[in-house]
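Quick notes on the structure that follows.
Every number here is computed from the coordinates shown, using simple stated rules; none is lab data. Predicted model only: the values in this text are computed from it and were never measured. Here the Cβ positions follow ideal geometry from the backbone for every residue, glycine too, while neighbour counts run over all protein chains shown.
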């Protein structure tokens, strides 16, 4: 018979465990283990791997914010014009907002040379919202309720699509 030694989590020395990180081979408990496609890893190994994929430079944040804000301001202005069409405008906004989101995301992706980082994606999403803000404020001051509603519909559709397009989240494979 082989004698098994009891392993303890390297983060929580009082917790017994049978798991090991498949990268560094340290013992980890179930609360410290992070499931990856190849098994379980400790948090340090996962963070180290994520740093490899964060390639954005400092100027990418500024560039992404400016491009997203500018394109979103133009789109918000066009949403205002489309909103004046009437009932048919609802359909145009529902079809145009995803197209606008893809245009914004691809413009940012082209300008940043496909560098990526989660904070960059969030910065671009904030740029989309703040780019539309002047048009929304104008709609508020003129008390145009349908204009405000159309802007909200545009933002509800565009912001998540820009983020997911840049981050590469795939809902279906």
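Summary of computed values
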quantity	calculated
Förster-model FRET efficiency, 35 Å R0, residue 130 and residue 43, C-beta, rounded to 0.05	0.55
Angle in degrees between helix 87-111 and the longest Cα principal axis of the chain, rounded to the nearest 10	50 degrees
Tilt relative to the chain, helix 145-167 - C-alpha long axis, 0 to 90 degrees, to 10	30 degrees
Distance (nanometres) between label positions extended 7 Å along Cα→Cβ at residue 35 and residue 70	4.5 nm
Cβ-Cβ FRET estimate between residue 156 and residue 62, R0 fixed at 41 Å, reported to 0.05	0.95
Gained length - residue 91 relative to residue 24, 0.36 nm times residue gap less alpha-carbon distance	18.7 nm
Computed helical MRE - 222 nm, the chain, DSSP H runs ≥ 4 contributing -39500 (n - 2.57), nearest 500	-22000 deg cm²/dmol
Ranked list, fewest to most other Cβ atoms within 10 Å of each Cβ, for 90, 58	58, 90
Exposure proxy ranking, count of Cβ atoms within 10 Å, fewest first, for 59, 163, 154, 8	59, 8, 163, 154
Sites residue 164 and residue 53, calculated FRET efficiency, Cβ-Cβ separation with R0 22 Å, nearest 0.05	0.85
Residue exposure sequence - 99, 123, 5 - by fewest surrounding Cβ within 10 Å	5, 99, 123
Label-to-label distance, nm, for residues given as residue 149 and residue 118 (7 Å Cα→Cβ offset)	3.7 nm
